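Asks: Handing you this structure, nothing more for now.
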Amino acid sequence: MMTEPVPDRKHTILDAACRVIAQAGAARLRVADVAREAGVSTALVHYYFPSRSDVIEQAFAHADDLADAVADAKLRAIGTGRGRVEKLFATWAGDDPAIRANWAVWHEMWQYAAHNDGARALVETSHRRWLEQIHDLIAEGVEDGSIPAGVDPWPAARRLAACVNEWGREVLLGLRTARDLHRDLVATAARELGPAKVAKGRAA
């Protein structure tokens, strides 16, 4: 008789920690709350994560990894740099659960990192990867001709990232709808990337 696979308890705990951070905030997270949300003992949480800060920091990295996997899957079939930039922003403005969870955790981590060196280093690394991803996709678009050669990838990436980050926080606070976020990101990307051109593309 086949048996059901044993769930990955570490991931179960991290998923629970992300939910607790999104609901209560990183600064108010308690290991007991994470254990209760995950349906495990506090001893098991401490088995995988010796300290409370380990739970918080690894939950942030976990949320990032899950969201990145969703975005990477969406971009894989897109043939031009411009198309991949546009799909990236459409994905971050979408309603995938991993993306929504990342928004909430990321918002909390920005505040928590202001008073925690370990979290600050994680946020800095994650933010740098985010900027580099946008930069690289814009550079691809310039190379394949889908983005005009006059577009400077670094300044454009920084401006677009700032819009995504700020407007995403507004969605979390109910100051902007997800539909408005999508519309405004599409419009802003179109302005930053210049007129669309027929590109050489690449194999999907």
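The values are calculated or read from the model by the stated rules, or taken from the named source; none is laboratory data. Because the structure is predicted, anything quoted here is derived from the model rather than measured. No Cβ is skipped: glycine too gets one built from the backbone with ideal geometry, and neighbour counts run over all protein chains shown. With ligands, DNA and RNA removed, areas are computed over all heavy atoms of the protein, side chains included. Shrake-Rupley method; radii C 1.70, N 1.55, O 1.52, S 1.80 Å.
Asks: Kindly express, to the nearest 10 degrees and within the range 0 to 90, the angle between helix 9-24's C-alpha long axis and the longest C-alpha principal axis of the chain.
Replies: The angle comes out near 80 degrees.
Asks: Quick check: pseudo-label points 7 Å beyond the Cα along Cα→Cβ at A149 and T12, how many nm apart are they?
Replies: Roughly 5.8 nm, to one decimal.
Asks: Additional query: May I ask you to give the percent of accessible area on segment 47-180 that is carbon plus sulfur, with a probe radius of 1.4 Å? Write out the running numbers ahead of the final one.
Replies: On the way: 3440 of 6350 Å².
C and S fraction of accessible area: 54 percent.
Asks: Follow-up. Under 14 Å from the Cα of K74, which aspartates and glutamates turn up, not counting those fewer than eight places away in the same chain?
Replies: List returned: E86, D95, D96.
Asks: Here's something else I'd like to know. Taking the 0 to 90 degree range and rounding to the nearest ten, how far is the long axis of helix 52-75 tilted relative to the main principal axis of the chain, both from C-alpha atoms?
Replies: Its long axis makes an angle of about 40 degrees.
Asks: Treating cross-link reach as a plain straight distance, find the aspartates and glutamates whose alpha-carbon is under 13 Å from the alpha-carbon of K197, omitting any fewer than eight places away in the same chain.
Replies: E143, D144
Asks: If you average the C-alpha positions of segment 97-118 and of segment 33-48 separately, how far apart do those two centres end up, in angstrom?
Replies: 21
Asks: On C-alpha positions alone, give me the angle between the axis of helix 81-92 and the longest principal axis of the chain, in degrees, nearest 10.
Replies: Orientation of helix 81-92: about 40 degrees from the principal axis.
Asks: [x] 16.8; [y] 19.1; [z] 18.3: which one is Kirkwood radius over Cα pairs in Å as calculated from this entry?
Replies: Among [x] 16.8; [y] 19.1; [z] 18.3, the one derived from this structure is [z].
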